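Chemist: One structure, pasted below without further comment.
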Amino acid sequence: MDRYRDRKIKTHVSGTEFYEFYKKDNFYIFNKEDKSKRGHINKKSKYYISYKDFNKITDEFNLEIRNKIINYSLDFNFPYGIGDFIIRKHKPTIYISKTDNKLKNGNRIDWNTSVNLWRLNPGKKKKVVRFDNNHSDGYIIKPYFKRKYCVKYSYLYSFRPCRKFNRTIAKAIKENPKIDFYLK
């Protein structure tokens, strides 16, 4: 078994944990004299909101941040010095491998088109078709999370955007190829 796989911890922090954190900081009663009321929720607090409203607020906030990152190339800084989130672009290069002296192509393989080509020509040598990225002038565009190592145990966490975020990037690039992202 791979020695790194044993240490991988899969965890997910959901909206309920964020809501509990918000409740704890903002509207629990901390009454030193009357211990029977300690820890109860103060619904009369000006900061009190229901879980449903909390979800609406966080969803709207996250959608707005996503739109700013994609459409305006926002460099989003996570709080507490955790890291930065940006979208980068780079042009893949064609090079000769030092180990086996073969020509290598940095573009990704278009498996759907390649398999269809193999089905049409079953007796011929199987060649792969690669993406050419004409819609983005040959650039590959990816989300990138830049860690800041001022946080203790920063090697234990990572950030991977959800599939919907990645699909939204692809859609935005195809609709407006002139969006300017950071060069790698």
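The values are calculated or read from the model by the stated rules, or taken from the named source; none is laboratory data. Here the structure is a predicted model, which is why all the values come from computation and not from measurement. No Cβ is skipped: glycine too gets one built from the backbone with ideal geometry, and neighbour counts run over all protein chains shown.
Chemist: I need the full set of residues from region 172-184 which are part of a helix (DSSP H, G or I) and within 17 Å of the chain's Cα centre (by Cα), in order please.
Modeler: 172, 173
Chemist: Answer yes if at least one residue in region 76-97 is charged (D, E, K, R), loosely packed, with under 10 Cβ neighbours inside 10 Å and assigned to a loop (DSSP other than H, G, I, E, B), and no otherwise.
Modeler: No: zero hits.
Chemist: Could you tell me how many of the residues in region 120-139 are over 15 Å from residue 172 (Cβ atoms) and not in a loop (DSSP other than H, G, I, E, B)?
Modeler: 3
Chemist: May I pose another question? Hey, does region 96-119 have a residue that's of a type in the set (Gly, Ala, Ser) and at positive phi?
Modeler: No; the residues of region 96-119 include none that is of a type in the set (Gly, Ala, Ser) and at positive phi.
Chemist: Next up: Give all pairs with beta carbons closer than 8 Å in which a residue from region 91-118 that is under 19 Å from residue 134 (Cβ atoms) meets a residue that is assigned to a loop (DSSP other than H, G, I, E, B) and of a type in the set (Asp, Glu); count only pairs at least 6 apart in sequence or on separate chains.
Modeler: Matching pairs, first to second residue: 107/132.
Chemist: Next question, about the same structure. When residues of region 140-171 are filtered for being in a helix (DSSP H, G or I), more than 14 Å from residue 82 (Cβ to Cβ) and not basic (Lys, Arg), how many remain?
Modeler: 5
Chemist: Step by step: first the residues of region 104-121, then only those that are more than 29 Å from the chain's Cα centre (by Cα) and among the polar types (S, T, N, Q), then the one that is modelled with the highest pLDDT. Which residue is that?
Modeler: Checking each candidate, the answer is 116.
Results for (1) modelled with pLDDT of 75 or more; (2) part of a loop (DSSP other than H, G, I, E, B); (3) surrounded by 11 or more Cβ atoms within 10 Å (Cβ to Cβ); (4) in contact with a Phe, Trp or Tyr (Cβ under 9 Å, 6 or more places away or on another chain), shown as yes or no for each residue.
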{"site": "12", "(1), (2), (3), (4)": "no, yes, no, no"}
{"site": "18", "(1), (2), (3), (4)": "yes, no, yes, yes"}
{"site": "30", "(1), (2), (3), (4)": "no, yes, no, no"}
{"site": "35", "(1), (2), (3), (4)": "no, yes, no, no"}
{"site": "48", "(1), (2), (3), (4)": "yes, yes, yes, yes"}
{"site": "55", "(1), (2), (3), (4)": "yes, no, yes, yes"}
{"site": "60", "(1), (2), (3), (4)": "yes, no, no, no"}
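Chemist: Tell me, yes or no, whether region 125-142 has at least one residue that is surrounded by 12 or more Cβ atoms within 10 Å (Cβ to Cβ), modelled with pLDDT under 85 and among the small types (Gly, Ala, Ser).
Modeler: Yes; the residues of region 125-142 include at least one that is surrounded by 12 or more Cβ atoms within 10 Å (Cβ to Cβ), modelled with pLDDT under 85 and among the small types (Gly, Ala, Ser).
Chemist: Separate question: Would you mind stating whether residue 73 is polar (S, T, N, Q) and under 30 Å from residue 14 (Cβ atoms)?
Modeler: Against the criterion (polar (S, T, N, Q) and under 30 Å from residue 14 (Cβ atoms)), residue 73 qualifies.
Chemist: Taking the criterion of being among the basic types (Lys, Arg), at pLDDT 70 or above and within 30 Å of residue 135 (Cβ to Cβ), would at least one residue in region 65-77 satisfy it? Let's see the steps before the verdict.
Modeler: If we filter region 65-77 for residues that are among the basic types (Lys, Arg), which is where we start, we get 66, 68.
When the remaining residues are screened for being at pLDDT 70 or above, the result is 66, 68.
When the remaining residues are screened for being within 30 Å of residue 135 (Cβ to Cβ), the result is 66, 68.
Yes, the conditions are met somewhere in region 65-77.
Chemist: I would also like to ask the following. Can you tell which of 181, 145, 165 is touching a helix residue (DSSP H, G or I) at 6+ places or on another chain (Cβ under 8 Å), of a type in the set (A, V, I, L, M, F, W, C), surrounded by 10 or more Cβ atoms within 10 Å (Cβ to Cβ) and in contact (Cβ under 8 Å) with a residue 24 or more places away in the chain?
Modeler: 165
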